[in-house]
Each structure stands twice: as structure tokens, then as C-alpha cells.
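One structure below.
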Amino acid sequence: MARGAFWMIAMNWSMRLIGLVNTMILARLLVPEDFGIIAMSMVVVGFLHVFSEANVDLLLLRKADVSEADYNSAWTLRIMTGIVVMVLLMAVAPLFADYANDPRVTVVIQILALRSGLLGFENIGVVRFRKELNFRREFLYQFYRRIIYFVVGLIFVLALRNYYALAVAPPLAAVIAVIISYRMSPFRPKLDFSRVGQAWNFSRWLILLEVARFVANRTDNAVLSRTQDATALGNYFVAVEIATMPTRELVMPLTRALFPTFSKVAHDPEQLRTAFLQVMSFVSTFCIAAGLGMALVADHLVPVMLGSKWSAAIPFFFWFAIYGVATGIIQSITPFFVVIGRERTVALLDVAYIAVLVPTLIYLGNTQAIVAVAIGRVVCRYLYLIFVLAMMRRFGGVPVAAIVGTIWRPALAGLAMAATLNWLPPIVAPDLAAQTGMSIAFTGHLLSLVEQFLVGAFVYLGTVCLLWVLAGRPAGAESVVLGLVGRRLAARRSS
């Protein structure tokens with residue numbers, strides 16, 4: 001499990017590092033308004049694209065005896081849903097542009113629609129990388145896609161210097177993804193309708209789950225597309241994407257690695273619960289450190305990463321970094337539910353969540369300042385986390401006390417880090433700025449960011465270790481990491 005998770009985490013962090021550099025460059029070449037137009041367009045594009053994905057890869061991963069007909073039928077279903085979604089997007093683009101009161105959205109949606117149709121032809125054989133636990137191959141496949149997309153996208157941004165560059169890049173990336181998938185996998189799929197119905201019966205609940213999650217994640221964008229201009233929405237959109245990146249990009253690849261791994265121990269409930277609690281220990285330790293840490297340094301991190309013209313994004317960045325903590329923990333629970341055959345339960349839980357979230361965001365978006373929408377999402381997300389943890393006891397047989405036992409140490413360490421950084425004074429360095437040729441503002445932000453990062457990391461890690469020792473050194477992330485470090489040091493001494 002650890003090896004697979006390592007490759008999946010390495011894959012997504014490599015891609016996200018590329019994406020982060022890309023975003024930092026784009027933020028300086030473009031303006032918030034450009035990102036706002038894309039954010040408006042992605043409300044409808046992202047919603048319909050969920051149906052084109054179909055999640056048939058999870059069926060192939062869960063099924064023990066997978067035949068060629070299963071792969072071919074899954075590929076056929078992807079093509080069908082992708083083409084249907086592409087046509088629908090072309091048709092609804094003008095309607096959504098009228099809703100958003102921005103005619104520029106029409107063409108952007110129609111360009112982005114091509115991605116859904118193209119991705120349907122991706123070689124389904126690449127699923128075998130995960131099926132066979134060949135995560136190194138999966139890492140290379142995803143990495144090649146991303147690096148080429150980065151280069152092509154950057155070329156278009158440098159050439160066009162407007163939002164069209166952001167719209168053209170995803171369809172081009174889809175073409176590249178399809179080509180690479182056939183280069184890396186020897187499997188050659190064929191149209192086959194024999195098991196499309198079976199694939200759809202499995203996928204429909206997972207599609208419902210993804211629709212619920214999309215609505216939960218993008219309702220605010222839909223509301224703000226109507227009530228805010230493109231500049232305000234651009235600040236909001238970029239803040240969401242960057243602030244939730246660390247927690248999201250640890251947990252998403254981890255869940256991809258956990259699904260086949262959990263499947264192999266699903267026959268032993270006790271072993272499955274033990275594996276789940278170990279994962280929860282790692283996820284909570286990282287998510288609290290990364291999410292809360294980014295929230296605490298938002299005043300300095302945003303100017304350093306994006307530039308001074310993005311200062312309006314700081315309040316959103318703060319709240320969504322905190323939001324990312326709960327989201328990361330929730331996402332780590334999903335593979336457990338799916339492995340025990342409770343994907344319907346997860347989907348219905350998400351439907352119940354959005355039944356509360358959507359009216360809340362609609363009310364706040366139409367009556368309050370835009371930052372109130374961000375706060376509303378955070379409050380609803382943490383209430384949902386509490387509810388999901390309670391459901392783990394009923395459906396997964398995992399006591400709430402056992403889950404709390406994996407979370408309380410990083411939670412207290414996070415509070416200690418917050419108290420310390422709140423007390424720490426910022427650094428102002430006009431002399432150093434003059435010597436380096438950098439602006440006083442940028443230098444002050446950069447030095448304060450480095451100071452807060454080092455102090456925060458020291459306090460957090462020190463507190464986690466201290467609490468672990470005081471708790472009697474229970475099994476968890478601390479014991480695994482320290483055991484690994486100890487074995488490495490022993491191996492070096494012996495060599």
C-alpha cells in the first residue's frame with residue numbers, strides 16, 4: 001500500500017508542481033478577469049463533463065475476473081457519454097452566457113466542450129496500470145500528459161495573452177492524452193455493446209456521487225457568475241484552486257492507490273479497518289498541517305505566488321485553505337465505502353449534503369458579501385465531516401473514538417501552530433530589498449513567509465511528536481515515519 005501510495009502521490013505532486021508554476025506564470029501574464037471568464041464557463045462544462053467520465057475504471061478495478069469484453073464495453077460507454085456531453089455543451093453555451101450576463105462565455109464553453117468528446121477515445125487499457133498495481137507506469141503516463149499540456153498551454157498564453165489561451169489548452173491536452181494512452185498501453189479497444197448495460201448500472205451511482213460533489217464544489221461559482229463580475233469571480237476561483245491544492249493533491253492520488261489496495265483486504269474486516277485508520281492518521285496529520293498552515297500565511301503567500309494584483313484573493317484563500325482540511329479527510333473515506341459495496345450510501349450522503357449547502361450558498365450569494373459565500377462553504381463542510389465520521393461507525397464498523405484517536409494529536413498541534421504564528425511579528429526588510437533590487441513589499445512578504453513556514457513547521461511537528469510520546473506511542477503516522485527513518489539510519493550505519 002505504501003509503495004503504491006508513494007507513486008500516486010509523487011505523480012500528482014509532480015503534475016501539480018508543474019501546474020502551480022504554470023498558475024504563477026499565468027497570474028502575472030493575465031488578469032483576474034480572464035480567470036473569471038473561465039470560472040463562469042466551467043460551471044456548466046464541469047457539470048456535464050462528470051457524465052462523460054462514467055467512472056468505469058472503478059468497475060474494472062473492483063471486478064476480480066475482467067475480460068476483454070469488459071474493457072471494450074467500458075471504452076464504448078465512455079465514447080458514447082463523451083460525445084453526448086460535447087453536443088449538449090455546444091447547445092447550452094448561449095443559454096448559460098445569458099444567465100451569466102457575459103457573451104464571451106459562449107465561445108469559451110464551446111471550445112472546452114471538445115475536451116469531453118476527445119477524452120472518450122482515451123485507451124481504456126491504461127486502467128491496467130492500477131489494476132496490476134503498476135503505479136510507476138501510471139505515474140509516467142500522467143506525468144507525460146501534464147508536462148506536454150503545460151508547454152502547449154504556456155505557448156498559447158504567451159501568444160494570445162487573454163482568456164482564449166485558457167480555453168484552448170484543455171482540448172489540446174485531451175488530444176495529447178489520447179495519443180499518449182495508445183503509446184503506453186498495448187491494449188487496443190474495440191466498440192462492444194455487450195456489457196455496456198452492466199457498466200452503466202455500476203457507474204450510475206458513482207456518477208450521482210460525482211454530480212453531488214460537483215454541485216457541492218461549484219454551486220458558489222454558479223451563484224457568483226450571476227451576482228459578481230468576472231474580476232471578483234476570478235479572484236475567488238484562483239484562491240479556491242490554490243488554497244485547496246496541497247490537501248486535495250495528497251488525498252486524490254492516495255484514493256486512487258487505496259481503492260485497489262483496500263479491495264485486496266476487503267475479505268478481512270479487521271484488516272480493512274486497521275488499514276483505514278492508518279491512512280486516516282497520515283491524511284489528518286498532513287491535511288491539518290498544510291491546510292491550516294496555508295491559511296495562517298495567506299497574507300504573505302498570495303503576494304509572493306501571484307503578485308500584488310491578486311490581493312483581493314487573500315480572504316478567500318484563507319477560508320478555503322481551512323476548507324481543504326475537511327475535504328481531504330472526507331475524500332480519504334470514500335474508497336472505504338466503495339470497497340465494502342456502499343457507493344450508493346456515499347452518493348446519497350452527498351445528495352443530503354448539497355440539499356443543505358445549495359440553499360445556504362444561494363442565500364449568501366444573493367444577500368451577503370462574496371466572502372460570506374466562502375465562510376458558508378467552510379461551515380457546511382465541517383458539519384458534513386462530522387456526519388460522515390458518524391456514518392463510518394454504522395456502515396464501516398469503525399468506532400468514532402478510533403477515528404478521533406487518529407485526529408486529536410494533529411488537531412492540537414495545529415492549534416499550537418496557529419497560536420505561535422499569530423504571535424509572531426512580520427519581517428520588514430527595506431535594506432535587503434534595496435540590496436537585492438526587489439521591492440520592499442515583495443521582500444517583506446517573502447521573508448515573513450519563510451519565517452512563518454520554518455517556525456510553524458517546527459512547532460507543529462514538535463507538538464505532534466510530544467503528544468504522541470505522552471499518549472504512549474500508539475500506532476499511527478508517527479510510529480510508521482519514525483520506524484522508517486530508524487530503519488534507514490540503521491541500514492546506513494551497517495553499510
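Side notes on the structure shown:
- Pairwise label distance in nanometres, Ala355 with Ala69, each label 7 Å out on the Cα-Cβ vector: 3.9 nm
- Helix-derived mean residue ellipticity, 222 nm - over the chain, DSSP H n ≥ 4, -39500 (n - 2.57), to 500: -29000 deg cm²/dmol
- Inter-label distance, nm, simple model (7 Å from Cα along the C-beta direction), Arg183/Met24: 2.7 nm
- Cα-centred dipole magnitude for the stretch 244-495, charges only on beta-carbon of K, R (+1) and D, E (-1), debye, nearest 20: 700 debye
- Qualifying trypsin sites (Lys or Arg not before Pro) in the stretch 122-193, DSSP loop, other Cβ atoms within 10 Å at most 16: Arg161, Lys190
- In a fully extended conformation the segment linking Phe143 and Leu482 would gain 119.0 nm over its present Cα-Cα distance, using 0.36 nm per residue.
- At q = 0.07, 0.13, 0.15 Å⁻¹, base-10 log of I(q)/I(0) for the stretch 244-495 (Debye sum, equal scatterers on each alpha carbon): -0.30, -0.95, -1.16
- When Val92, Val108 are sorted by how many other C-beta atoms sit within 10 angstrom of their C-beta, beginning with the fewest, the order is Val92, Val108.
- Our estimate of slack between Met90 and Trp423, defined as 0.36 nm per intervening residue step minus the Cα-Cα distance, is 114.5 nm.
- Neighbour-count order for Met392, Met417, fewest beta carbons within 10 angstrom listed first: Met392, Met417
- Residues in the stretch 168-186 reached by a label modelled at Ile155 [backbone nitrogen below 17 Å; 7 Å Cα→Cβ]: 168-180
- Placing +1 on each Lys and Arg Cβ and -1 on each Asp and Glu Cβ, with no other charges, gives the chain a dipole about its Cα centre of roughly 1340 debye.
- Exposure proxy ranking for Val105, Val356, based on other Cβ atoms within 10 angstrom of each Cβ and starting from the fewest, stands as Val356, Val105.
- The stretch 149-244: projected area of the alpha-carbon convex hull, averaged over directions, in nm²: 9.5 nm²
- Pairwise Lys count, the chain - Cα closer than 28 Å, eight or more residues apart or different chains: 5
- Where labels lie 7 Å past Cα in the beta-carbon direction, separation of Ala491 and Ser311 in nm: 5.0 nm
- Expressed per residue, the C-alpha convex hull volume of the stretch 333-482 stands at 183 Å³.
- In a fully extended conformation the segment linking Phe193 and Leu17 would gain 59.4 nm over its present Cα-Cα distance, using 0.36 nm per residue.
- Hydrodynamic radius of the stretch 64-138 by the Kirkwood approach over all distinct alpha-carbon pairs: 14.4 Å.
- Placing one equal scatterer on every Cα of the stretch 1-232 and applying the Debye formula, the log10 ratio I(q)/I(0) at q = 0.18 Å⁻¹ is -1.46.
- Between the stretch 351-415 and the stretch 298-324, the alpha-carbon center distance in angstrom: 22 Å
- (1) 27.1; (2) 25.3; (3) 41.4, with the label sought being that of the calculated mean projected area of the Cα convex hull in nm²: (2)
Every number here is computed from the coordinates shown, using simple stated rules; none is lab data. What you see is a predicted model; the values in this text were computed from it and never measured. In this analysis, Cβ positions are derived from the backbone assuming ideal geometry, glycine residues included, and neighbour counts consider all displayed protein chains.
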